[in-house]
Amino acid sequence: MAQNKRKSGLTVCPCPHFQTLYPDKKKRALAAVSLLEDRYPTAECALQHEGDPFRLLVMAILSAQCTDKRVNLVAPALFSRFPDAHAMAQGELLELASYIRTCGLYQSKAKNLLATAKILDEKHQGQVPDTREELLLLPGVGRKVANLLLGDLFGIPGIVADTHCIRISNRMGLCDSPNPHKVEKQLSELIPLEKQINFCHRLVWFGRELCSAPTPKCQQCPLQAEFAQKNRPKT
């Protein structure tokens, strides 16, 4: 494993073998897409929203600085009490906060959720809007959440620059910044439109399984395996 380097607040552990195999960044991106598709043929959001747009919106807001696993644990009781935007819009802030206390930053998240639910109830007939402009007007929704919703709910391409995406795309040499907006822009130019959402979902699974933040399992990485196979001495 290459030595870690500190770069603009991001711990970068580059994958030199992968970059050696594919010096052209565009070809490297396509190879990454293919390798992740092979490893995770079924790409799906890690948030268990059961196909409900309102649930996905709420859970995506809760996932800020919180693990998807924790959000999934909180969700059943939360949505039993607040099954839709109208129900949540009628709720009390303290009660709503009590359901999400373990998610971190729960007080500010509760305020955002209540305000968002009221906007949906009053302006969108309880439905999640299908444009980036309208989504970004919802409290607690930034570009990461907006792109996730647009991709998973409406099939609109976009890069979800979460912590896994930022970390792994830097290690792969697909981007060179810890800034979510820069990562989104750089990957948008490399990953085919029709692959973007599923690519980001697969990065989450890859990050959990192998390419973790503190101790990536490089010896088990398919990128390393491909390098070893292509550089095996000929007999």
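The values are calculated or read from the model by the stated rules, or taken from the named source; none is laboratory data. For clarity, every value in this text was computed on a predicted model and none was experimentally measured. Neighbour counts run over all protein chains shown; Cβ positions are idealised from the backbone, glycine included.
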Next on the checklist: Going through 118, 182, 111, 144 one at a time, which residue ends up being without any contact (Cβ under 8 Å) to a residue 12 or more places away in the chain and among the charged types (D, E, K, R)?
Outcome noted: 182
Checklist entry - Restricted to region 153-179, and to residues that are in a loop (DSSP other than H, G, I, E, B) and within 13 Å of the chain's Cα centre (by Cα), which residue is surrounded by the fewest Cβ atoms within 10 Å (Cβ to Cβ)? => result 158
Next on the checklist: Going by what's in this entry, would residue 182 be described as surrounded by fewer than 20 Cβ atoms within 10 Å (Cβ to Cβ) and in a helix (DSSP H, G or I)?
Outcome noted: yes
Item to check | region 213-227 residues that are surrounded by fewer than 16 Cβ atoms within 10 Å (Cβ to Cβ), paired with ones that are at pLDDT 75 or above and part of a loop (DSSP other than H, G, I, E, B) (beta carbon under 6 Å, 6 or more apart) | outcome: 217/210; 220/210
Next on the checklist: Tell me yes or no: at least one residue of region 104-122 is modelled with pLDDT of 95 or more, within 22 Å of residue 204 (Cβ to Cβ) and not polar (S, T, N, Q).
Outcome noted: yes
Checklist outcome for this item: Taking region 32-65 and keeping residues part of a helix (DSSP H, G or I), free of Cβ contacts under 8 Å to residues at least 40 places away in the same chain and crowded, with 17+ Cβ neighbours inside 10 Å leaves 55, 59
Checklist outcome for this item: Checked region 120-147 for anything among the polar types (S, T, N, Q) and over 21 Å from residue 83 (Cβ atoms); matches are 131, 147
